[in-house]
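Novice: Input: one structure, supplied below.
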Amino acid sequence: MAAAPGRAQQQRGRGMAGGAPLGAAGLGPPRVFAPLAAAAGLRSSSRSFAARPGEYSETVNTNTKSLYWRSPIKPKPNMCIESMPSEMLMKIFSYLDAVSLLCVSCVNKRFYHLANDNGIWLKIYSGCFPPKRTIWKVKSVQTETGPLSCAPIQDRKPGYWKKEYILKQMAAVTARVMQLVKPVDLYTGLPSRIKKAIKASGLSWMIVLKDRNGKEHVMEQADLFFKDTSVTIFWYSASWPCLDTLLSLKLLGVTPLLLDQSKAPSKNGPRRRSLIAEYDFFNLTESNVTLGADKLVQLFSLDPGLLVGLWKGKNEIAFVMASLHYHQLLERSTLGSATVQYALPSNKPILDDIDPEYGLHDYDLHLDMHSGSCTYLCGTFKSLFCRKGDIENGYLRLTVVSLKDNTKHVPLIGTVGLCWETDAFKGNVKDCYVMDVTLLDETRKPFWCFSAPVCMELSSKASSLYDYMGCVYTTDYADAEGKVCVELVWLEETKEYFIVSLVIYVSTEKVNNWYGTNY
């Protein structure tokens, strides 16, 4: 029995002397050595050494040593779409629509050049705008409609048909919108189908908040309300940036580059931005006027037409509201750029040497007072005038409602308050509302227009009218072109406000520039 281990060792030595591992020779692992070693009374101890793929694995026992070969693991092929040949990518791109192609072209430089291929865009162009071509024959002339498969492609610069398609689509949308804004309301002098025009253009609004580090936070509109002469937009979110780090806020109009009437405008597709207004947010609570407050929020007004609601005691943004007047709203929201506002065309004055009070009479006023879905007042006041003797301190005085003429005193409908909401809360700030003023000249063209949040303040003086015994409130608004002063009386018996005085002050500088006069 003692000779067995010796022969086993000799066999192992002869097997290794050949220079080839056992596994490589096809003999498999030498399982015969373990019982022989046990029979010889040897203690068995083993240790293993792991090997990487393609190398040897070694197992060492007390009296045996084995080497195993591990076959290498083939690496997985790289299936990234960017590694595909250009021909294959072009085939894939040929199945995409125009919006998807524009998105793909923003991935990298290679995709941009491939997505600009004239063959792909010619197919899209001819499918959307089938041309009419004329085939001349010897005896007759035949006109048919067909694709532009034979149109020259190679002699066009890359991206030619892409540009042609985009321009033609934009022209079609513009023509459709222009048809909707042509009808004018007789009372307001504004487009009567402005709501349909906004929908047809795919117009929406966003705000961009910029902090001290230069980072921009984009907020899409959350809700909006259409009124007779303005639209009110709300933005609210649970993830507003910190107010102390914000420097500015930009209000922009956003329209899709390619509008599909059968689908809602996508927020991820290519869009154009038009700057409407820019506001300074540095030291917001210190440099701006507090408009009002309730138990949860405090309101701050920024000119023109912006309202910021802050949570009480937290100095955090709750919501942002903007009120935009319809006058040239589509132009301001679509024709500007992301950094430059649309420049309103200047008015060419029509001179009149006959009328000595030219530019002082025949004004019409359309006044709206509202909040959210509630309307407190909507009225038109005609034939307003100002005498030369009433021009004072650089303003024309147009008396709309006189304190002495109680036949023209106007009540407000409902309880006045500014409605607001967020993702979790809703509220109403008492005695605040949105005022829309549309002043028309004698040709019924919009002369001075604005929409802004205002508030009613309790006056220290008592009512001097016997018909209206109650607390007196005032509302004042002013900008570079004029002022509005409103006086109201609260009637406790009927629980309503009455406008007992309304005066419009128009800057003489604006009147002179509009009419070519010299007041």
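Novice: Taking 0.36 nm per intervening residue step and subtracting the Cα-Cα distance, what contour gain separates H361 from K426 on full extension?
Specialist: Difference between extended and current length: 18.9 nm.
Novice: Determine, from the Cβ-Cβ distance of C103 and D390 and an R0 of 45 Å, the FRET efficiency 1/(1 + (r/R0)^6), rounded to the nearest 0.05.
Specialist: The computed FRET efficiency comes out at 0.15.
Novice: D185 to S402: extension gain in nm, 0.36 nm per residue of separation minus the Cα-Cα distance?
Specialist: Length gained, D185 through S402: 75.4 nm.
Novice: Past the 24 Å Cα-Cα mark, which pairs from K215/K263; K168/K250; K382/K408?
Specialist: Cα-Cα > 24 Å for K215/K263; K168/K250; rest within.
Novice: Something else: Which value, in Å², gives the accessible area per residue of the stretch 246-289 when a 1.4 Å probe is used on the protein heavy atoms?
Specialist: So the stretch 246-289 comes to 52 Å² accessible per residue, rounded to a whole number.
Novice: Can you tally the net charge around N518? Count Lys and Arg as +1, Asp and Glu as -1, for every other residue whose Cβ sits under 15 Å from the Cβ of N518.
Specialist: -3
Novice: With a cut-off of 17 Å, note down the residues of the stretch 269-292 whose backbone N falls inside the zone around a label point 7 Å from the Cα of H217 toward its beta carbon.
Specialist: In the stretch 269-292, the label zone of H217 (backbone N under 17 Å from the point 7 Å along Cα→Cβ) covers 279-285.
Novice: Right, something else. Once you keep just the Cα pairs under 8 angstrom separated by 6 or more residues, what percentage relative contact order results for the stretch 190-290?
Specialist: Dividing the mean separation by the residue count of the stretch 190-290 yields 27 percent.
Novice: Just from the alpha-carbon atoms, what are the Rg and Dmax of the stretch 256-376 in angstroms?
Specialist: That works out to 20.3, 63 Å for Rg and Dmax.
Novice: Here's something else I'd like to know. Can you pull the semi-axes for the stretch 209-304, root of five times each eigenvalue of the Cα gyration tensor, sorted largest first, whole Å?
Specialist: Sorted largest first and rounded, they come to 27, 18, 13 Å.
Novice: Per residue, how many Å² of accessible area does the stretch 379-519 show with a 1.4 Å probe?
Specialist: Value returned for the stretch 379-519: 50 Å² of accessible area per residue.
Novice: With a Förster radius of 56 Å, plug the Cβ-Cβ distance of K314 and I354 into 1/(1 + (r/R0)^6) and report the FRET value to the nearest 0.05.
Specialist: It comes to 0.35.
Novice: Determine the sum of side-chain charges near N288: Lys and Arg each +1, Asp and Glu each -1, restricted to other residues whose C-beta is under 14 angstrom from that of N288.
Specialist: It works out to a net charge of -3.
Novice: State the extension gain, in nm to one decimal, for the chain segment bounded by N268 and K123, taking 0.36 nm per residue of separation less the distance between their alpha-carbons.
Specialist: This chain segment gains 49.8 nm when fully extended.
Novice: Within straight cross-link reach of K109, meaning Cα distance under 17 Å, which aspartates and glutamates are found once same-chain residues fewer than 8 apart are removed?
Specialist: Those aspartates and glutamates meeting the cut-off are E82, E87, D117.
Novice: Could you work out the local net charge near Y326, counting Lys and Arg as +1, Asp and Glu as -1, over the other residues with Cβ closer than 13 Å to its Cβ?
Specialist: So the surrounding residues net to 0.
Novice: Continuing with the same structure: Grab the beta carbon distance between M88 and L167, set R0 = 51 Å, and tell me the FRET efficiency rounded to 0.05.
Specialist: With R0 = 51 Å, the Cβ-Cβ based efficiency is 0.95.
Novice: For I350, tell me the accessible area in Å² from a 1.4 Å probe, rounded to the nearest 10.
Specialist: Probe radius 1.4 Å; accessible area of I350 about 120 Å².
Novice: In percent, what relative contact order does the stretch 248-311 have, based on Cα pairs under 8 Å that are 6 or more apart in sequence?
Specialist: 26 percent
The values are calculated or read from the model by the stated rules, or taken from the named source; none is laboratory data. Just so it is clear, the model here is predicted, and its values are computed rather than measured. Glycine gets a Cβ as well: all are built from the backbone with ideal geometry, and neighbour counts include every protein chain shown. Please note that ligands, DNA and RNA were not included when accessible areas were found on the heavy atoms of the full protein model with its side chains. Shrake-Rupley method; radii C 1.70, N 1.55, O 1.52, S 1.80 Å.
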